[in-house]
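Engineer: Take a look at the following structure, please.
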Ligand code: BQF
């Protein structure tokens with residue numbers, strides 16, 4: 001079993017991005033500028049936005065954090081989005097999800113200028129991804145493909161089983177893995193909450209991507225010997241052994257599943273850090289006008 005070290009790979013990619021920023025500056029060009037919009041004060045969202053801003057600082061990107069109270073109206077958030085669309089200094093921006101219940105995520109996503117949508121969630125960008133046009137790839141799926149690539153894990157002709165069908169991970173992941181490309185070309189099966197006897201499918205997986213949002217859902221009896229397991233889940237489990245009062249766990253029972261795997265991603269330090277660097281890669285693309 002080999003551990004897929006997302007922290008290490010993300011550090012390598014950040015170094016590559018930092019080198020690129022040095023080149024841009026030397027050529028007298030603009031440095032990428034990412035804006036993160038945070039509505040409310042959900043603790044996990046605060047951490048995610050802080051990680052994104054910190055990563056920008058590490059590679060030399062400009063970043064701006066815009067914070068609003070949880071009771072802002074949908075109209076007010078739409079005004080913020082319109083301002084960001086019009087601001088030529090902003091290359092790309094994200095609206096941190098989830099949003100408070102009284103604001104329609106769909107409405108907000110539709111208002112984002114697709115050219116600045118570095119999360120890749122706008123239907124225009126989803127459509128481009130599905131048809132294989134160059135576009136901002138959604139950060140988590142793109143980060144997973146990057147991990148498979150950098151570990152030289154063969155994918156062509158393999159059976160990839162994805163658990164979960166969200167717009168943010170499961171659905172785009174299944175699209176990327178089935179593409180005609182060097183790090184794709186899989187036969188893909190999508191399982192979800194209405195799949196009877198999920199184990200019947202997961203046992204056939206050469207590559208198992210788990211993104212359903214249930215702690216320790218995937219157990220050892222569900223995994224084929226030698227499989228590659230990618231754990232996208234991220235849960236805060238109460239713990240008296242840590243300063244924060246919680247520890248992070250994924251959707252996979254890591255301890256018991258890992259011995260069966262050829263490769264497995266840990267939580268934390270697996271997919272999560274790659275999500276952050278994918279966002280940086282998209283922001284660089286936006287700045288260079290590559291999309
Ligand atoms: C790590 C996210 C659910 C819902 C909305 C590093 C992150 C997480 C873990 C991170 C996530 C999850 C993000 C680790 C961003 C990934 O070391 O394991 C980084 O910041 N993520 C998000 O922005 O919104 C979410 C999960």
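The values are calculated or read from the model by the stated rules, or taken from the named source; none is laboratory data. Just so we're clear, the structure is a prediction, and the values are computed from it rather than from any experiment. Neighbour counts run over all protein chains shown; Cβ positions are idealised from the backbone, glycine included.
Engineer: Which of (1) touching a residue at least 12 places away in the same chain (Cβ under 8 Å); (2) within 16 Å of the ligand (Cβ to nearest atom); (3) assigned to a loop (DSSP other than H, G, I, E, B) is the odd one out, the single condition residue 183 does not satisfy?
Structural biologist: Here residue 183 meets the rest and fails (2).
Engineer: Is there a residue being within 16 Å of the ligand (Cβ to nearest atom) and either under 21 Å from the mean Cα position of the chain (by Cα) or in contact (Cβ under 8 Å) with a residue 12 or more places away in the chain (or both) anywhere in the stretch 186-209?
Structural biologist: The answer is yes; a qualifying residue exists.
Engineer: Kindly indicate whether any position in the stretch 221-234 is without any contact (Cβ under 8 Å) to a residue 60 or more places away in the chain, in a strand (DSSP E or B) and out of contact with any helix residue (DSSP H, G or I) (no Cβ under 9 Å at 6 or more places or on another chain).
Structural biologist: no
Engineer: Further question: Just need a number here: residues in the stretch 210-220 that are within 18 Å of the chain's Cα centre (by Cα) and touching a residue at least 40 places away in the same chain (Cβ under 8 Å).
Structural biologist: 4
Engineer: Which of the residues spanning the stretch 260-277 are near the ligand (Cβ under 6 Å from one of its atoms) and not in a loop (DSSP other than H, G, I, E, B)?
Structural biologist: Within the stretch 260-277, 272, 273, 275, 276 meet the criteria.
Engineer: Looking at the stretch 215-226, can you tell me whether even one residue there is farther than 29 Å from residue 134 by Cβ and touching a strand residue (DSSP E or B) at 6+ places or on another chain (Cβ under 6 Å)?
Structural biologist: yes
Engineer: Hey, another quick one. In the stretch 79-100, is there at least one residue being within 13 Å of the ligand (Cβ to nearest atom), farther than 18 Å from residue 136 by Cβ and assigned to a loop (DSSP other than H, G, I, E, B)?
Structural biologist: Yes, the conditions are met somewhere in the stretch 79-100.
Engineer: Does residue 70 satisfy being over 24 Å from residue 114 (Cα atoms), without any contact (Cβ under 8 Å) to a residue 60 or more places away in the chain and either more than 13 Å from the ligand (Cβ to nearest atom) or more than 20 Å from the chain's Cα centre (by Cα) (or both)? Can you show your working first?
Structural biologist: Values: over 24 Å from residue 114 (Cα atoms): yes; without any contact (Cβ under 8 Å) to a residue 60 or more places away in the chain: yes; either more than 13 Å from the ligand (Cβ to nearest atom) or more than 20 Å from the chain's Cα centre (by Cα) (or both): yes.
The answer is yes for residue 70.
Engineer: Scan the stretch 135-174 for residues that are outside any loop (DSSP other than H, G, I, E, B), surrounded by fewer than 18 Cβ atoms within 10 Å (Cβ to Cβ) and touching a residue at least 40 places away in the same chain (Cβ under 8 Å) and jot them down.
Structural biologist: 150, 159
Engineer: Which condition number does residue 230 fail, the rest of (1) modelled with pLDDT of 95 or more; (2) away from the ligand (no atom under 16 Å from the Cβ) being met?
Structural biologist: (2)
Engineer: So the check is Cβ under 8 Å with 6+ separation or different chains; which pairs have a first residue in the stretch 41-53 that's free of Cβ contacts under 8 Å to residues at least 40 places away in the same chain and a second one that's assigned to a loop (DSSP other than H, G, I, E, B)?
Structural biologist: Short answer, once both residue conditions are applied: 41/70.
Engineer: Can you pull out every residue in the stretch 90-108 that is over 21 Å from residue 50 (Cα atoms) and in contact (Cβ under 8 Å) with a residue 12 or more places away in the chain?
Structural biologist: 102, 103, 104, 107, 108
Engineer: Then there is this: Taking the stretch 1-40 as the region of interest, how many residues are free of Cβ contacts under 8 Å to residues at least 24 places away in the same chain and assigned to a loop (DSSP other than H, G, I, E, B)?
Structural biologist: 3
Engineer: Looking only at the stretch 272-291, which residues are in contact with a helix residue (DSSP H, G or I) (Cβ under 6 Å, 6 or more places away or on another chain) and at pLDDT 95 or above?
Structural biologist: Within the stretch 272-291, 273, 274, 275, 276, 277, 278, 279, 280 qualify.
Engineer: How many residues are surrounded by 18 or more Cβ atoms within 10 Å (Cβ to Cβ) and either closer than 14 Å to residue 172 by Cβ or in contact (Cβ under 8 Å) with a residue 60 or more places away in the chain (or both) when one looks only at the stretch 111-134?
Structural biologist: Of the residues in that region, 11 qualify.
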